[in-house]
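Data first, discussion second: the structure below is written as structure tokens.
Nothing in this text is a laboratory measurement; each read-out follows from the coordinates by a stated rule. What you see is a predicted model, and the numbers here were worked out from it, not measured in a lab. Because the Cβ atoms are built from the backbone with ideal geometry, glycine has one as well, and the counts that use them run over all protein chains shown.
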Amino acid sequence: MQDLPDWVPRRRIEIGLQIREARRTAGLSQMTLGDRIGRDHKTVSRWENAVTAPDLVDLLLVADALGVPLADLVR
């Protein structure tokens with residue numbers, strides 16, 4: 001695996017926090033969001049805690065499920 005620039009892990013953390021904030025604002029649990037997008041709640045937790053990063057399709061599904069623009073999740 002290639003070395004990533006220092007800013008990449010920081011951005012992954014920020015995106016995870018944006019997902020968490022949008023999910024909480026929508027009043028959804030990780031379990032409910034996972035069910036809506038066809039992913040396990042553990043996957044949602046991993047994204048929110050920056051253990052793994054969602055791919056573009058997952059981001060699109062999350063944005064749709066939460067009723068927010070994709071840009072709001074990746075700002």
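Numbers at a glance
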read-out: Over the chain - Rg/Rh using Cα atoms and the Kirkwood inverse-distance radius; value: 0.97
read-out: Relative contact order (percent, whole number), the stretch 32-75, Cα cutoff 8 Å, 6+ residue spacing; value: 31
read-out: Percentage relative contact order, the chain, counting C-alpha pairs under 8 Å, at least six apart; value: 36
read-out: Computed label-point distance, nm, for sites S45 and I13 using a 7 Å Cα→Cβ extension; value: 2.1
read-out: Per-residue [θ]222 nm for the chain (sum of -39500 (n - 2.57) over DSSP H runs n ≥ 4, rounded to 500); value: -20000 deg cm²/dmol
read-out: Extreme residue, positive dipole direction of the chain, given options L70, P5, L33 (C-beta unit charges); value: L33
read-out: Distance (nanometres) between label positions extended 7 Å along Cα→Cβ at T25 and A71; value: 1.4
read-out: With Cα atoms, 0 to 90° folded angle of helix 7-25 axis to the chain main axis; value: 10
read-out: Degrees between helix 56-66 axis and first principal axis of the chain (Cα, 0 to 90, nearest 10); value: 30
